[in-house]
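The values are calculated or read from the model by the stated rules, or taken from the named source; none is laboratory data. These numbers were taken from a predicted model, which means no experiment stands behind them. Cβ: placed from backbone, ideal geometry, glycine included. Neighbour counts: every protein chain shown. Please note that ligands, DNA and RNA were not included when accessible areas were found on the heavy atoms of the full protein model with its side chains. Shrake-Rupley method; radii C 1.70, N 1.55, O 1.52, S 1.80 Å.
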Amino acid sequence: MYQTILFDLDGTLTDPGEGITNSVTYALEKFEIKNEDRSQLYKFIGPPLKDSFMEFYGFSEEDALKAIAYYRERFREKGMFENKVYDGIVELLSKLKHAGKKLIVATSKPEEFTLTILKHFDLLQYFDFVAGATMDGSRSEKEEIIHYALEHCQIENLDETVMVGDRKFDILGAKTNGIDSIGVLFGYGSLEELEIAGATYIADSPEMVEKLVLL
């Protein structure tokens, strides 16, 4: 039975698609890049922004950092609130909390934004700790964030710890840190992506996550 559960934020607790894609579009327009198909920007949900701008649009590191600044300009004002909590998540968190589990957020989103979002949707009350990326990028990769969370919370029994997330980065980050993972299908990752990454379990709903965690 798992005692400590780490949750990704985007695509796991909340559906941030509208806000993230609107903010990416805003940043790209500053470079005179138009994108008419919002679904093409969903790949920005999950990995660090700098990596995404460089990989998907061939930006130099300098331009990627400029794009991130533009992105955050809009995201801070509007984007983070163009978001919604997935059905069943509040019930899941409430049940796990009442069962005495330690709940942690581990996300590649900057902590400043993460805390604002969790407070806005009244989710912060369920978590013992929130681990996110730093604004300067010194902590951005998922394995670093998971390691930071485990170290800060002094989690030593890794056999009783699991990471819940929707993308391969969550699964691979969990593997690197020696913990199990649950890949969820209601976010932005595919079954194939999660299986190839080596998810310990696959869940198609928050209710299934509950069953897996409370086995």
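Quick look at the numbers
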| quantity | calculated |
| --- | --- |
| Inter-part distance where segment 192-210 and segment 84-162 are each reduced to a Cα centre, Å | 18 |
| For segment 78-215, accessible area per residue (1.4 Å probe, heavy atoms of protein chains only), Å² | 47 |
| Met163 long-range amide H proximity, modeled H, under 5 Å | Leu6, Asp180, Ser181, Ile182 |
| Partner lysines for Lys211 [C-alpha distance under 20 Å; skip if fewer than 8 residues away on the same chain] | Lys95, Lys97, Lys101, Lys102 |
| Nearest 10 degrees, 0 to 90: helix 89-98 Cα axis against the chain principal axis | 40 |
| CD proxy at 222 nm, helix term only [per DSSP H run n ≥ 4: -39500 (n - 2.57); per residue of the chain; nearest 500] | -13000 deg cm²/dmol |
| Translational diffusion coefficient (Stokes-Einstein; Kirkwood radius from C-alpha pairs) of the chain at 25 °C, 0.890 mPa s, in µm²/s | 142 |
| Length gained when the stretch Asp128-Phe31 is fully extended (0.36 nm per residue, less Cα-Cα span) | 30.9 nm |
| 15 Å beta-carbon shell around Gln154, net charge (K/R +1, D/E -1) | -3 |
| Percent carbon-and-sulfur accessible area, the chain, ignoring ligands, DNA and RNA, probe 1.4 Å | 47 |
| Charge dipole magnitude, Cβ of K and R +1, D and E -1 - segment 135-215, Cα centre, debye nearest 20 | 80 |
| Of Tyr201, Leu214, Leu172, farthest towards positive along the dipole that unit charges on Lys, Arg, Asp, Glu beta carbons give the chain | Leu214 |
| 0 to 90° range, to nearest 10: angle between helix 142-152 axis and the chain longest Cα axis | 50 |
